[in-house]
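Remarks on the structure that follows.
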Number of protein chains: 2
Amino acid sequence: MNKGEITRQRIIAEAAPIFNQRGYAGCSMQDVMEATGLEKGGIYRHFESKEELAAEAFKYAIAEAFRVRRVGSDAIENRVERIKYLVRRFVEVPSVLPGGCPIMNAAIDSDDGNPVLRGIAREAIADWKKRLCGNLREGIERGEVREGTDPRRIANLVVAALEGALMISRIEKSRTAVQDTAVMLEGILDGIRAQG
Amino acid sequence: MNKGEITRQRIIAEAAPIFNQRGYAGCSMQDVMEATGLEKGGIYRHFESKEELAAEAFKYAIAEAFRVRRVGSDAIENRVERIKYLVRRFVEVPSVLPGGCPIMNAAIDSDDGNPVLRGIAREAIADWKKRLCGNLREGIERGEVREGTDPRRIANLVVAALEGALMISRIEKSRTAVQDTAVMLEGILDGIRAQG
C-alpha cells in the first residue's frame with residue numbers, strides 16, 4: 001500500500017464506528033474530520049462523497065464483524081459443529097465496533113431510500129447465507145448432515161432468527177432473545193445430523 | 001363515542017398509513033392535514049404533539065396487523081395447529097396498511113432515539129410473545145405439546161425468525177426468506193407435539 005492508500009484505509013477504519021453508531025444521516029463530515037484529524041479537503045481527496053465513505057465504512061464494519069465471529073471456525077471439521085460454533089460466537093463475541101450489528105444498521109439506514117447502503121446490506125446477507133449453504137452442502141457430502149436437508153431454508157432461518165433476535169434484544173435492552181434463539185438454533189442444527 | 005372521539009379516531013386511522021410508510025421523521029403535520037382535510041388547529045385539538053399522534057398511529061397499525069392475522073385462529077382448538085396457522089397467516093396475509101410490518105417500522109424509527117416509539121415496539125413484541133406463550137402453555141395442559149417444552153424460548157425464536165425474515169425479504173425484495181422461514185418454523189412446531 002502506498003501512502004495514499006494507507007490514509008484512505010485509516011479514514012475508513014476511523015469513520016466506521018461513527019457511521020455504525022449514529023447512522024448515515026447522524027454522522028457528519030465534521031465528525032469524520034474530528035475523528036481523523038484531517039481537513040475536509042484531505043478526506044475528499046480519497047472519497048468522492050460522504051456516500052462513498054459511508055459505503056466503505058459499513059463494508060469495513062461488516063467485514064470486521066464477520067472476521068471476529070469466524071475466528072477458530074475453520075479448525076472445526078464437522079460442519080454441524082462448525083455452524084453451531086458460529087451461532088454461539090454470533091451471540092457471545094462482543095462487537096468489535098460499537099453500535100451493534102452493522103448489517104442491521106446498514107439495512108435500517110437504507111430504509112430511508114439509500115440504494116447504496118441497501119446494496120451493501122443485501123450483499124452481506126447473501127455472503128453470509130452463501131457461507132452457511134456451503135458448510136451445509138459440505139456436511140451432506142461428508143455424511144455429517146442428513147441427505148435431503150435444504151441448505152437454503154436452513155440458512156434463511158439461521159440468518160433471519162439471529163438478526164431478528166438482535167432487533168428484539170435491542171428493543172428489550174436484554175440479551176434473553178438472542179440467548180434463547182441461539183439455544184433453539186443449536187437444537188435445530190442437532191436435528192439435521194445424519195443418523196448413525 | 002362522541003363527535004370529538006370519532007374525529008380523533010379518524011385522524012389516527014388516516015395518519016397510520018403515512019407514518020408506517022414514511023416513518024416519524026418523513027411524515028409531516030402537513031401530510032396529516034392533507035390526508036384528513038383538517039387544519040393544523042383541528043388536529044392539535046385532539047393531540048398534544050406530533051409525537052402523540054405518531055404513537056397512536058403506530059399502535060393502531062400494530063393492532064390492525066395483529067387483528068387481520070388472527071382472524072380464524074381461535075376456532076382452531078389444537079394449539080400447535082393454531083400457532084402454525086398464525087405463522088402461515090403472518091407470511092401469506094398481506095398488510096392492511098402499506099409500508100410493511102409496523103412493529104419493525106416503529107423499532108427502526110425508535111433507533112433515532114425516540115423512547116415513545118421504542119416503548120410501543122417493545123410492548124407489541126411483549127404482547128405477541130405473551131400470546132404465543134399462552135398458547136404453548138395451554139397446549140402442554142391439553143396434552144398437545146410435549147412436556148418440558150420451554151414456551152419463552154419458542155416464542156422468542158418464532159418472533160425473531162419472522163421479524164428477521166421480513167427484514168431480509170425487504171432488503172432482497174423477494175418473498176423467499178419469509179417463505180423459507182415459515183416452512184422451517186412449521187417443522188419446528190411439528191417437533192414439539194406430544195408423542196402418541
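The values are calculated or read from the model by the stated rules, or taken from the named source; none is laboratory data. Being a predicted model, the structure only gives us computed values, none of them experimental. Positions of Cβ are generated from backbone atoms using ideal geometry, with glycine treated the same way; all protein chains shown enter the neighbour counts.
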I'd like to check something: does the stretch B:13-20 contain any residue that is under 22 Å from B:ALA161 (Cα atoms) and modelled with pLDDT under 95? yes
Looking at (1) touching a Pro at 6+ places or on another chain (Cβ under 9 Å); (2) surrounded by 15 or more Cβ atoms within 10 Å (Cβ to Cβ); (3) over 30 Å from B:GLU144 (Cα atoms), which is the only condition B:PRO102 fails? (1)
For the list (1) surrounded by 18 or more Cβ atoms within 10 Å (Cβ to Cβ); (2) in a helix (DSSP H, G or I), I need the number of the one condition that B:GLU52 fails. (1)
Across the stretch B:155-196, the tally of residues that are among the β-branched types (Val, Ile, Thr), more than 7 Å from every other protein chain (Cβ to nearest Cβ) and under 19 Å from A:ILE168 (Cα atoms) stands at 2
Out of all the residues in the stretch A:133-177, which are farther than 19 Å from B:ALA165 by Cα and either touching an Asp or Glu at 6+ places or on another chain (Cβ under 6 Å) or of a type in the set (S, T, N, Q) (or both)? A:ASN135, A:THR149, A:SER174, A:THR176
If A:ARG152 meets every condition in (1) closer than 22 Å to B:MET104 by Cα; (2) modelled with pLDDT of 95 or more; (3) at the interface with chain B (Cβ under 7 Å from one of its Cβ atoms) apart from one, which number is that one? (1)
Can you name every residue in the stretch B:109-127 that is in contact with a Leu (Cβ under 9 Å, 6 or more places away or on another chain) and either more than 8 Å from chain A (Cβ to nearest Cβ) or in contact (Cβ under 8 Å) with a residue 60 or more places away in the chain (or both)? B:ASP109
Counting just the residues of the stretch B:56-76 that are in contact (Cβ under 8 Å) with a residue 60 or more places away in the chain and surrounded by fewer than 18 Cβ atoms within 10 Å (Cβ to Cβ), which one comes out nearest to B:ILE12 (Cα to Cα)? B:LYS59
Among (1) of a type in the set (D, E, K, R); (2) surrounded by 14 or more Cβ atoms within 10 Å (Cβ to Cβ); (3) under 21 Å from the mean Cα position of the chain (by Cα); (4) in a helix (DSSP H, G or I), which single condition is A:ASP112 missing? (4)
If I filter the stretch B:120-128 for residues that are in a helix (DSSP H, G or I), hydrophobic (A, V, I, L, M, F, W, C), under 19 Å from B:LYS50 (Cβ atoms) and under 15 Å from the mean Cα position of the chain (by Cα), do I get at least one hit? yes
Given (1) touching a residue at least 12 places away in the same chain (Cβ under 8 Å); (2) more than 8 Å from every other protein chain (Cβ to nearest Cβ); (3) under 30 Å from B:GLY119 (Cα atoms); (4) among the charged types (D, E, K, R), where does A:ARG137 come up short, assuming only one miss? (3)
Within the stretch B:72-98, the count of residues that are farther than 18 Å from B:VAL178 by Cα and at pLDDT 95 or above comes to 11
